[in-house]
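*Asks:* Mind looking over this structure? Questions follow.
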Amino acid sequence: MAKIAFILLCHKDPEAIISQAKQLTAAGDYMSIHFDARAKPADFQRIQDALKDNPNVTFAKRRIKCGWGEWSLVQASLNAVEAALEAFPRATHFYMLSGDCMAIKSAEYAHDLLDREDVDYIESFDFFESDWIKTGFKEERLIYRYFVNERKHKKLFYALIKLQKKFGITREVPSDIQVMIGSQWWCLRRRTVESVMRFCRKRKDVMRFFRTTWIPDETFFQTIVRHLVPDNEIRTSTLTFLMFTDYGMPVTFYNDHYDLLLSQDFLFARKISPEATELKRRLGDLYAAEGIDFQISDEGRSLFRFLTSRGRNGLRFAPRFWEAESSLGRERELLIVVAKKWHVAKRLIRKIKEVTGIETIEYLFDEDSCPMPDLGGIQTQMGKRARHRRALMRMLFEYYETDRLVICMDPKNMEMFQDFFADRATTRLLEIESIFTDEYLAGHAIRVGLAGENTPEQSMERLLPTIRADVAHESDQIRDAGFDHYYRISEGREPQENASALSQFLSISHEQAQEIAETDHLFED
């Protein structure tokens, strides 16, 4: 009978990982865990302590820091596979999972399915001939070398590509390898995994090639397995059910999706919402159940396509299907820096990122030219950003793989502040109080179109009190709103006072806050 060694890549939520490990191993299966080295050491220790007496759980001997699109994800998988091969000699299949995957069938059903055919399950499509890559880089993924993380060093990432293009620095794919592409969620037989590991030790040239390939978790195993295993022993499909929205983001499943998930012709589903506690409980109980007759209709993707192709749920102004669950996420923190002097706020958040490492985004709801990652189109227009602000913020949290984001906003956005504070996420607001000289306000009047370069001095003098009153009114509105977690720093205060507010706003030490508060020329125009 099939016995599965689950290869779990995870980086957060230790309690969910512990629960997942206990549920899957209770049915006699195994688990090898790689917990991202970037995560909190205390979280990893909690997982180890909770599972140390479970003989069906092991850990990758070497943990590494993982980043999206990097070789590190493949290396983490190989480390976990190596640990599983050594610890579980009776494992017949190796199944790749993430921390937000859960079984949607029983162990009995899964073992029976794997026993039916002596095959591997892995998406493996021709890299060049298939249309698996819908947008963005294709050939560029392979012919250029990638040395930095695109999300953390965006400017350097694209500068290195331009440099290679300019000087014609390209490389060839290893001559005997046909590059394939597909989902990273596979299930492979033991002998296939053992062959892959031998290949890795033998073919250093192929390993060097993939180490500097972009997003190799979509090509490495898909290519090597196809190179080693006969076509008739490969099922070009994944056993993990996942879908993507029309904005290219994974669809998240909630408590009311239980029946839909069970009816899909898959063994696991991704992604289960961290807040779907009832769904997690029911699916956790399901894996150990026996004698269940699953009625497979497999309508999930067609139903989703139907609903999203209509755009709206039959009503002109109803929310889009993908916005039905509009919370940013209960476990997330949105940190809003509010300032009328945009250059001051930008200066501040640059220092915040430097000192704390928290991801920061400038005036995304106020400035069309604000640098934004490609989120499938929702980021392209200011109107879209504002209308779908919660969806946009969820995508940004997902894109940066973080639960904390700092953004800048103009104080005129009261409606947005109220909307974000009404969300289940934790929202904090830091107002920057600046001194506005007449010269600055005159420039502001020109920038917003209230005056022109040739506006007479007398007209400008009559206009300035109105502008000053308007700026003060926006600030008063924010203070009068009574927001929880409202903080303020001021140009007129000493750095020591401002550090206290920054420490509370960012939940950081006073020493870090002091360093931020003492930013050179912070309030200068």
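*Asks:* Take the residues of the range 391-410 that are open to solvent by 10 Å² or more (accessible area, probe 1.4 Å) and not in a helix (DSSP H, G or I): which is nearest to Arg151 (Cα to Cα)?
*Replies:* Tyr400
*Asks:* Do you know which of the residues in the range 479-507 that are in a strand (DSSP E or B) and either open to solvent by 70 Å² or more (accessible area, probe 1.4 Å) or not aliphatic (A, V, I, L, M) (or both) is farthest from Ile349 (Cα to Cα)?
*Replies:* Tyr486
*Asks:* Only one of Tyr247, Tyr258 is modelled with pLDDT under 85 and aromatic (Phe, Trp, Tyr); which?
*Replies:* On inspection, the qualifying residue turns out to be Tyr247.
*Asks:* Something else: Just one of Asp118, Asp112, Asp49, Asp131 is closer than 30 Å to Asp298 by Cα and assigned to a helix (DSSP H, G or I); which is it?
*Replies:* None of the other options fit; the residue is Asp112.
*Asks:* Can you tell me which residues in the range 44-69 are more than 26 Å from Arg190 (Cα to Cα), of a type outside the set (Lys, Arg) and open to solvent by 30 Å² or more (accessible area, probe 1.4 Å)?
*Replies:* Once the filter is applied, which keeps residues that are more than 26 Å from Arg190 (Cα to Cα), of a type outside the set (Lys, Arg) and open to solvent by 30 Å² or more (accessible area, probe 1.4 Å), the range 44-69 yields Gln45, Asp49, Ala50, Trp68.
*Asks:* Could you list, ordered by first residue, the pairs with Cβ atoms under 6 Å in which the first is in the range 163-181 and at positive phi and the second is β-branched (Val, Ile, Thr) and modelled with pLDDT of 90 or more, at least 6 apart or interchain?
*Replies:* From the range 163-181, no pairs qualify.
*Asks:* If you don't mind, there's one more thing I want to ask. How about the range 262-286: which of its residues are part of a loop (DSSP other than H, G, I, E, B) and open to solvent by less than 10 Å² (accessible area, probe 1.4 Å)?
*Replies:* Gln264, Leu267, Ser273, Ala276 - these are the residues of the range 262-286 that are part of a loop (DSSP other than H, G, I, E, B) and open to solvent by less than 10 Å² (accessible area, probe 1.4 Å).
*Asks:* Collect the residues in the range 208-242 that are out of contact with any Lys or Arg (no Cβ under 6 Å at 6 or more places or on another chain), assigned to a loop (DSSP other than H, G, I, E, B) and closer than 21 Å to Phe294 by Cα, keeping them in residue-number order.
*Replies:* Once the filter is applied, which keeps residues that are out of contact with any Lys or Arg (no Cβ under 6 Å at 6 or more places or on another chain), assigned to a loop (DSSP other than H, G, I, E, B) and closer than 21 Å to Phe294 by Cα, the range 208-242 yields Ser237, Thr238, Leu239.
*Asks:* Now for a different question. Among the candidates Ile407, Ile358, Ile446, Ile435, single out the residue that is in contact (Cβ under 8 Å) with a residue 12 or more places away in the chain, farther than 30 Å from Trp68 by Cα and among the aliphatic types (A, V, I, L, M).
*Replies:* The unique qualifying residue is Ile435.
*Asks:* With respect to Ala91, determine if the residue is open to solvent by less than 10 Å² (accessible area, probe 1.4 Å) and either without any contact (Cβ under 8 Å) to a residue 40 or more places away in the chain or part of a helix (DSSP H, G or I) (or both).
*Replies:* No, not satisfied.
The values are calculated or read from the model by the stated rules, or taken from the named source; none is laboratory data. Just so it is clear, the model here is predicted, and its values are computed rather than measured. Every residue, glycine among them, receives a Cβ derived from its backbone with ideal geometry; neighbour counts consider all protein chains shown. For the accessible areas, the whole protein counts, side chains as well, though only heavy atoms, and no ligand, DNA or RNA atoms are used. Shrake-Rupley method; radii C 1.70, N 1.55, O 1.52, S 1.80 Å.
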